[in-house]
1. Could you calculate the contour length gain from Thr25 to Arg76, that is, 0.36 nm times the residue separation minus the distance between their Cα atoms, to one decimal place in nm?
2. Could you provide, to the nearest whole Å², the per residue accessible area of the range 1-47 with probe 1.4 Å?
3. Report the full-extension gain for the segment Glu52 to Lys3: residue separation times 0.36 nm, less the Cα-Cα distance, to one decimal in nm.
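The values are calculated or read from the model by the stated rules, or taken from the named source; none is laboratory data. Remember, predicted model here, so these are calculated numbers, not experimental data. Heads up: the accessible areas ignore ligands, DNA and RNA and are worked out on the full protein's heavy atoms, side chains in. Shrake-Rupley method; radii C 1.70, N 1.55, O 1.52, S 1.80 Å.
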Amino acid sequence: MRKGIHPEYGPVVFRDRAANHTFLTRSTLSAVPTGKTIEWEDGQTYPVVDVEISNVSHPFYTGTARVLDTAGRVERFERRYGKPGGAPGGKRGGA
């Protein structure tokens with residue numbers, strides 16, 4: 001690695017404000033001076049980065065995600081406007 005071109009890589013606490021959840025990891029964001037710090041469970045002080053969403057509050061991970069019925073939407077569109085490549089002459093509608 002070349003010296004002097006890479007950001008510092010160190011411990012950072014990420015805090016999900018919506019779910020009141022924090023976790024300690026390593027990141028290059030520790031080099032960004034935010035001025036915010038937090039005292040962790042081990043008694044040391046680390047820089048903190050506030051995030052809007054994490055695995056604790058994201059709908060995909062919490063099981064509250066909605067699945068869209070795309071097949072039903074396609075069928076409804078075809079019923080309403082006719083299938084593409086249907087009968088010529090401007091006739092609209094199904095079958």
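1. 13.6 nm
2. Values: 3720 Å² over 47 residues.
Accessible surface, normalised per residue, equals 79 Å².
3. Values: separation 49, 0.36 × 49 = 17.64 nm, distance 3.39 nm.
Working it through step by step, the gained length comes to 14.2 nm.
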